[in-house]
Structure formats: C-alpha cells, structure tokens
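Here's the structure we're looking at; comments come further down.
The values are calculated or read from the model by the stated rules, or taken from the named source; none is laboratory data. Nothing here was measured: the structure is a model prediction, and the numbers come from that model. Virtual Cβ from ideal backbone geometry, glycine too; neighbours counted across all protein chains shown.
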Amino acid sequence: MRQLDTGPLEGAYYRTGGGSWQALSFSGGQATFTASGDYEVAVRCRTGTSPVVDLHLFKGTVSQANTLTFACTVAGGSYSTRTFQVTLPQNIGNQTIQAGDNVFAGPGTAGSYEGTNPVTVEQALPDGQQEVLFTVFRLSGSSSATPIGYKLVSLNVQGSGPFTVDATGWQPFTATRSVNVNAPQGLTSVHLVFFFKDGMKSAGLIGFLGPYGTLSLSSGKYLGLAGAFRSSGTDNVVAYKDTGGADWNVSLLNPWSSGQFSVNRDRFTFSYPGVQGYGLKASGLVKSTQGAPLTVRITVYASGSGSTTYTVPVVNDLGYALEDFTTRQVSIESLEAFKGNLAQSQSLETRNPSESALSGLDFSLAQRQYLSFTGPSYTLP
C-alpha cells in the first residue's frame with residue numbers, strides 16, 4: 001500500500017477474510033500486509049487541512065489488486081505559475097511561423113504569436129531542475145489545432161520568472177497521429193494528448209482539437225486523455241491511455257444508468273456490467289466519534305460480472321462511527337465505475353510520475369456527480 005502524498009495519517013488498519021482488524025504501519029509512505037484472498041483496509045487522515053479526504057476504505061482480493069494507493073489531500077504537490085518569454089524562429093521545419101500561432105509550456109495558459117517576439121507563456125510547475133516541453137500549434141477557428149513544432153528545454157525553475165527561451169533548437173514534429181472519440185449519445189467529447197519523459201515534472205501538451213504530434217526522442221510516453229460529458233456536469237466518461245505514438249481510437253464507457261447503484265443502510269450495491277471496480281466519495285455516511293462529519297473515499301473491486309455489494313465497516317480504533325441511518329443527509333461528490341489498473345492511473349495524481357509507471361496505461365472511468373439523499377435508502381435515478 002502506498003501513500004501518494006505527505007498528508008499526515010492518524011492510523012491505518014487491515015483485515016483479511018472478514019477477521020479482526022490489525023494495525024498497519026507505514027514507513028517511507030508505504031505499508032505491506034499478507035493476504036491470500038479477500039481483504040479490507042481502512043485509513044484515516046488527519047483533519048483540519050483543506051481539501052482532504054478523512055477516511056479511505058478499500059475492499060478487494062489479491063487477484064484483483066495487490067497494490068493500493070491513496071492520497072490524504074485531494075491534489076498533492078506545490079505548483080506555482082511560472083512566466084516564460086519565448087522567442088520563436090522564423091520557421092520550424094517547412095512551416096513559417098504565422099501570427100495567431102499558439103505556444104504552450106504544458107496545459108496552462110497559451111501565448112499567441114502576433115508577429116513579434118517574445119511570446120509570453122504561463123504554466124504551473126514545481127521548483128527545481130527539470131525539462132520543460134514548449135510546443136507550437138496553428139489554430140483554425142475553434143475546432144482544429146495543427147501541431148507545428150517543439151523544443152525541450154532544461155531549466156532550473158525557481159521563482160515566478162520570467163524565464164527566457166531563445167529561438168534555437170526548435171524542431172518539427174516527426175509525424176501527426178489521429179485521435180477519434182466516439183462519444184455516447186447526448187455527451188460532448190473532448191481530448192488532449194501529452195508527452196512525458198523522465199526528467200520532466202509536468203507533461204507537455206502535444207495535441208488537442210485534432211491530431212497530435214510525435215517527437216524525435218529516444219524515450220518518453222504519449223499520454224492520451226479523452227472523455228465526454230453531459231452539459232449539466234452530472235455525467236462524465238473518461239479514458240487514459242499510453243498511445244505509444246500511434247493513432248488512437250478511443251473506447252469510452254457508457255454513463256451510469258438508473259438502478260445501477262443503491263444504498264440500504266450501511267450496504268451498497270453496485271451493478272455496472274463488465275467493470276473491475278467502483279469508487280465513491282461522499283460526506284454524511286460517517287462521523288468522528290467526537291461528532292465532526294468526515295469525508296469518505298471508498299474503493300471496491302468487483303466480481304467477474306462487474307456487480308458487487310459492500311458493507312461500510314466501523315474500525316473503532318480509527319475514531320469514527322456511522323451516521324444515524326434515519327436522519328443522515330448524504331452528499332455523494334462522485335460515483336465511479338472503472339476498468340484498468342487503478343493504482344497505475346492514480347500515479348498521475350502525483351503530477352510527477354515515472355515513464356515506467358505509465359507504461360501500458362489503459363484506464364477508463366464512468367462518473368456520476370452531485371448526488372444526494374436523506375435517510376436509510378437510495379437508488380440511482
């Protein structure tokens with residue numbers, strides 16, 4: 001079991017085969033325990049720092065997952081906005097730089113070339129020595145962005161800048177690859193493609209609103225992020241993939257349907273077909289024994305059919321109890337069904353994963369947000 005951040009822990013326990021709970025000790029952000037079949041884990045983080053997840057609950061079997069990851073804070077790492085003054089050459093490959101071309105240092109704020117240098121670009125990055133990928137795109141209206149070229153720069157990032165990037169060393173993308181997203185009916189699709197290699201602390205943007213560009217580097221990963229969403233914001237389906245620098249035909253899960261999730265007191269039933277597991281983040285289910293509400297994040301691995309049930313445990317030594325079933329007011333921030341390696345996808349939350357951790361990434365997620373109910377029972381409408 002691995003903690004993705006440095007948020008303080010109040011305690012961790014595990015049990016196997018429905019047995020008694022045993023203390024779990026972390027060293028260097030990691031802990032191990034032995035199980036031969038099913039297991040459960042409960043971790044409580046220290047309250048008082050926002051945003052936090054106070055309680056993490058896991059259930060699975062060793063055949064479903066032998067590595068668990070979590071973060072006490074919602075997003076770890078200390079990132080600050082940096083300003084770059086970027087000078088573009090007259091040409092990158094056989095493309096002449098034109099007014100309106102956009103320059104990125106990642107998924108942050110693009111700079112627009114308006115016929116004069118330098119171009120101001122902003123990107124959130126951590127402090128320290130790192131490689132930063134700058135990319136140039138040519139936009140056609142609001143529906144198409146053609147990759148033009150790139151430059152990988154080694155910088156010691158300290159302070160807000162501005163940092164100077166000169167006109168030497170720019171290269172054309174070696175090829176462009178297509179991205180095709182077949183969105184479920186009623187949802188609007190989006191996609192981004194990033195490049196990441198060891199030595200970078202933030203991935204570089206290499207594709208959006210169309211194809212993506214490949215680089216003439218001997219190492220690195222091409223990370224696709226594609227999804228579709230409902231205009232109300234309640235439904236999202238997302239796919240992450242190590243594309244290998246090839247064309248990507250995106251396969252998305254369908255949105256949640258009525259009746260695929262239900263609650264009866266402390267027992268949850270998930271019935272989304274064909275997935276490997278479920279996630280639930282909610283408040284109003286459990287409380288501190290001192291009465292303060294706690295936010296809980298539940299991860300449950302599914303049976304072969306994708307359906308499963310889960311009973312919320314109480315680990316007395318972690319100082320929490322169930323809210324009263326009759327009077328509780330539950331707010332579900334997100335309900336998720338997923339396919340793929342969850343621990344691998346969560347490595348993206350570190351915002352500085354390794355190439356090896358991302359190798360072969362292929363993860364899909366269906367998410368329903370902003371649900372609420374009062375009382376002992378609930379069925380997804």
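A few comments on the model shown:
- Residues that are assigned by TED's automatic domain parsing to the domain that holds Gly11 and either in contact with a helix residue (DSSP H, G or I) (Cβ under 8 Å, 6 or more places away or on another chain) or of a type in the set (Gly, Ala, Ser) (or both) occur at least once in segment 319-329.
- Filter pass, Tyr240 being in a strand (DSSP E or B) and without any contact (Cβ under 8 Å) to a residue 60 or more places away in the chain: no
- Of Phe229, Phe173, all but one fail to be under 30 Å from Phe58 (Cβ atoms) and in contact with a strand residue (DSSP E or B) (Cβ under 8 Å, 6 or more places away or on another chain); the exception is Phe229.
- Selection from segment 188-214 of residues that are surrounded by fewer than 23 Cβ atoms within 10 Å (Cβ to Cβ) and in a loop (DSSP other than H, G, I, E, B): Lys197, Gly199, Lys201, Leu209, Gly210, Pro211
- Residue check, Pro353 modelled with pLDDT under 95, closer than 29 Å to Phe195 by Cβ and part of a loop (DSSP other than H, G, I, E, B): yes
- Residue check, Val263 among the β-branched types (Val, Ile, Thr) and more than 25 Å from Ala71 (Cα to Cα): yes
- Verdict on Arg82 being of a type in the set (Lys, Arg) and surrounded by fewer than 17 Cβ atoms within 10 Å (Cβ to Cβ): no
- Output for segment 103-119, where each listed residue is part of a strand (DSSP E or B) and under 28 Å from the mean Cα position of the chain (by Cα): Val103, Phe104, Thr109, Gly111
- Selection status of Tyr272, of a type in the set (Ser, Thr, Tyr), within 24 Å of the chain's Cα centre (by Cα) and closer than 22 Å to Thr67 by Cα: no
- The one condition in (1) at pLDDT 95 or above; (2) farther than 29 Å from Asn180 by Cα that Leu152 fails to fulfil: (2)
- The sole residue among Ala110, Ala99 that is of a type in the set (A, V, I, L, M), surrounded by fewer than 16 Cβ atoms within 10 Å (Cβ to Cβ) and not assigned by TED's automatic domain parsing to the domain that holds Gln276 is Ala99.
- For Thr326, the criteria (1) under 28 Å from Gly186 (Cα atoms); (2) part of a loop (DSSP other than H, G, I, E, B); (3) of a type outside the set (D, E, K, R); (4) touching a residue at least 40 places away in the same chain (Cβ under 8 Å) hold in every case but one, which is (1).
- Any hit, segment 12-29, residues being in contact with a His (Cβ under 6 Å, 6 or more places away or on another chain), modelled with pLDDT of 90 or more, assigned by TED's automatic domain parsing to the domain that holds Val300 and part of a strand (DSSP E or B): no
- Residues located in segment 83-102, provided they are in a loop (DSSP other than H, G, I, E, B), more than 20 Å from Gly141 (Cβ to Cβ) and within 34 Å of the chain's Cα centre (by Cα): Thr87, Leu88
- Thr299 meets all of the listed conditions (1) surrounded by fewer than 18 Cβ atoms within 10 Å (Cβ to Cβ); (2) within 30 Å of Leu192 (Cα to Cα); (3) polar (S, T, N, Q) but one, namely (1).
- Looking across segment 220-253, the residues that are modelled with pLDDT of 95 or more and surrounded by fewer than 18 Cβ atoms within 10 Å (Cβ to Cβ) come down to Gly244, Ala246, Asp247, Asn249.
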